[in-house]
1. Evaluate the charge dipole of region 231-288 about its Cα centre and quote only its size in Debye, nearest 20, assuming +1 on the Cβ of each Lys and Arg and -1 on the Cβ of each Asp and Glu.
2. Binning at 10 Å from 0, report for region 153-302 what percent of all alpha-carbon pair distances ends up in each bin.
3. Which value in deg cm²/dmol, rounded to the nearest 500, describes the helix-derived mean residue ellipticity at 222 nm for the chain, given -39,500 (n - 2.57) per DSSP H run of n ≥ 4 and division by the residue count?
4. Would you please calculate the Kirkwood hydrodynamic radius of region 77-170 over all C-alpha pairs and express it in Å, rounded to one decimal?
5. Compute all pairwise cysteine Cβ distances in the chain, then list the cysteines with no distance under 4.7 Å to another cysteine.
6. For MET132, MET358, what ranking results if the residue with the fewest other Cβ atoms within 10 Å of its Cβ goes first?
7. Based on the Cβ-Cβ distance from THR303 to ARG140, what FRET efficiency comes out when R0 is 51 Å, to the nearest 0.05?
8. Please work out the FRET efficiency for the pair GLN280 and THR231, using the Cβ-Cβ distance as r and a Förster radius of 30 Å; give the result to the nearest 0.05.
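Each reported figure results from applying straightforward, stated rules to the coordinates on display, with no laboratory input. Quick caveat, the model's predicted, so the values are computed rather than measured. Because the Cβ atoms are built from the backbone with ideal geometry, glycine has one as well, and the counts that use them run over all protein chains shown.
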Amino acid sequence: MEHMRRGDVHRRYADRSGQRVGKGEKLKRQRGHKARLYLTPSQLAAAEDQGHAARAMWNCLHSWWTMVPKGKRTLAAADEAIRQGRKDLYFLGALPAQAAQQVLKTYFRSWVNCWEGRAQAPAFKARFRSRMAIDIPQGRDLQIVRLNRRWGRLWAPKIGHVHFRWTKDLPVGNRAGKLNKVTGARLVREADGWHVVFRVQTEVVDPTPHTGPTVGIDRGIAKPLALSDGTFRAHSPWLTPGETKRLRRLEKAAARKRHAGKKGEKTSGRLDRVYSQIGQLRAKAKRRAADWQHKTTTGIAETFSRAGVEDLAITSMVKSAKGTMEAPGRNVRQKAGLNRSITGEAWGRTVTLLEYKMADRGGTVVRVPAPNTSRRCSACGFITPGSRETQAKFACKNPDCGFVDNADTNAARNIDHAAGLVVSGLLSPRQ
């Protein structure tokens, strides 16, 4: 375990914005690049077997962890248990040895994150609630080759040569340099098929400080992004009316087929096909949302030098309002609808994209305290009861002010002002 901690301390690519190579103006930066894989039927079967084996390896390791006394929970003991499990359980042998070792490292790392308060404790991975993933930890094993303008090829252990869509230049070959390389990859299965996520390390020039104006950003539902300059960043629904109607019809069909089956029996092929169609529609909505977020955050990062955002506890905001048997909640269905809307906007992903894009262009993202940003008047600075007249209108009730503006724009201006106080040291980000 101590060996694992020392390895994490000396990890070289922890910062999203990059690390300095030396005293010069170069940065060593690591990013992820996702590409679509095109597998043959035999390769698809091999990838499915490896994905199930990786999930089973995680579950076996979790069971071993819970049964073994604390004094014997060491990295060496876990490694020996994995080796013995691969000998005793034939289906675990479908997973390459390096991928099995990576499962062990990921599991131990999840416990470290739990102990340090960054995540919850690792749990059992259910078959239908977890995403298949296969790690290829060494970049040299990938043997990436660009075939033409649109296609590339990589080597996956126990799967073979696999073609993928070449949508971004990867640092491969002798011309890439020593610091520019692909350090590893992960094969992941999603609703629309298998993808590969490359870990790309590149050497970039330290960006000069951005000289643009500052901005505050208020995240919401009716107005996805409201900026302090009075503009908004909005989008249409992720699914068209026809696609929404089809999704609702498929969900009703899945409910009928699920209730028609007997408890404990294997799900029918018809139900599996309906689940697959539902997953494809939801994956399409997710891709459209990610595309809009990428384009919007890129425009903000290129225009502004500093962006202030609220430090929201999103996980707590989307908790259910059901309550308990003794103290049942109120407006449960309304709260459930609000939770779905918040989750659909993916506020956390927006900030994550904005952080690394601002850093690449010499800007910064500042998180500010969330309380009272929508209740305070951005003109006079006072919090007067009743100023938030409606969800969209803010009218200051201070007799000496009388400021009227859009409620989201007013909140964005307060966020921009608070971000300036954080940068100047007059306000703590967590107070």
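1. So the magnitude is around 80 debye.
2. So the P(r) values, bin by bin, are 8, 22, 24, 26, 15, 5, 0.
3. Value at 222 nm, helices only: -13500 deg cm²/dmol.
4. Mean inverse Cα-Cα distance, inverted, gives 15.9 Å.
5. Result for the chain is CYS60, CYS114, no neighbouring Cys Cβ within the cutoff.
6. Listing MET132, MET358 from fewest to most nearby Cβ atoms yields MET132, MET358.
7. Efficiency computed from Cβ-Cβ geometry: 0.80.
8. It comes out at approximately 0.30.
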